[in-house]
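Report on the structure given below.
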Amino acid sequence: KIIVIRPAAVYGERSVYGAALPIFQIARGQIPFIIGPGNFAESFVHVDDVVGAAYFLAERYEEIGKIFAHKPPESRYIFNVNDDNAYTIEEMFLHVERCLRELGRDDVRLLHIHYPLWGLKPLIWWNQFCNRFFGMKLLIEQDLINYLGSPFLMSNAKLTALMGYELKWPDVKEGIRETIAYYHRSEVL
């Protein structure tokens with residue numbers, strides 16, 4: 001019995017990868033502007049909701065088989081896990097800045113300009129070179145640039161069609177605010 005969950009960009013307490021990277025980089029001044037056009041909407045999900053959905057689905061395997069019996073067997077047990085929002089990259093960058101400033105981080109200021117994605121290619125190349133030959137940690141990865149330069153919207157309609165499932169963090173802006181507050185309390189930021 002297998003159920004596949006496909007989470008959107010995951011964020012939340014203790015995360016140090018994926019959606020957490022731009023938060024840290026904005027807080028450290030490593031990203032002083034909006035990367036790319038900023039007009040693409042993205043899907044996000046809090047780690048609590050990934051875990052909650054996994055438990056919820058695991059307990060309903062037989063029910064899922066009946067509800068989605070009309071679907072092809074290869075897609076019957078595959079679920080996207082994401083919140084209900086479609087904020088753009090620009091909206092999220094500005095929200096992260098606002099949350100940091102609300103916590104007293106007056107040093108955090110995003111320039112309201114868009115830095116082209118192609119301008120980051122030399123930095124990515126140098127970063128990968130230093131990682132490979134000197135073992136330095138990657139500050140920015142090609143996958144992040146691909147993510148910021150394209151729309152990645154997902155639908156959780158199949159998951160929410162199952163009666164009884166509710167997201168703990170249905171709005172990424174509230175979840176990000178809580179996550180940033182956690183990082184601040186933990187003195188990570």
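The values are calculated or read from the model by the stated rules, or taken from the named source; none is laboratory data. Computed from a prediction, not measured in an experiment: that's the story for all the values here. When we count neighbours, we look across all protein chains shown, and the Cβ atoms used for this are built from the backbone with ideal geometry, even at glycine. Ligands, DNA and RNA are excluded from the accessible area calculation, which covers all protein heavy atoms including side chains. Shrake-Rupley method; radii C 1.70, N 1.55, O 1.52, S 1.80 Å.
State the number of residues belonging to segment 129-145 that are free of Cβ contacts under 8 Å to residues at least 12 places away in the same chain, part of a helix (DSSP H, G or I) and open to solvent by less than 70 Å² (accessible area, probe 1.4 Å).
Initially, segment 129-145 is screened for residues free of Cβ contacts under 8 Å to residues at least 12 places away in the same chain, giving 129-138, 143.
Those left that are additionally part of a helix (DSSP H, G or I): 129-134, 143.
When the remaining residues are screened for being open to solvent by less than 70 Å² (accessible area, probe 1.4 Å), the result is 129-131.
Adding up the residues that qualify gives 3.
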| request: Please work out if VAL96 is surrounded by fewer than 18 Cβ atoms within 10 Å (Cβ to Cβ) and within 21 Å of the chain's Cα centre (by Cα). | output: no
| Going through segment 17-60 one residue at a time, which ones are at pLDDT below 90, over 15 Å from GLU91 (Cα atoms) and either touching a strand residue (DSSP E or B) at 6+ places or on another chain (Cβ under 7 Å) or assigned to a strand (DSSP E or B) (or both)? | GLY18, ALA20
| task | Under 8 Å between Cβ atoms, at least 6 apart or on separate chains: pull out the pairs that start in segment 95-106 with a residue that is touching a residue at least 24 places away in the same chain (Cβ under 8 Å) and assigned to a helix (DSSP H, G or I) and end on any residue that is open to solvent by less than 50 Å² (accessible area, probe 1.4 Å) and of a type in the set (Lys, Arg). | result | HIS95/LYS173
| Extreme residue, least open to solvent (accessible area, probe 1.4 Å), among residues of segment 155-169 that are out of contact with any strand residue (DSSP E or B) (no Cβ under 7 Å at 6 or more places or on another chain) and under 17 Å from ILE5 (Cβ atoms) | LEU162
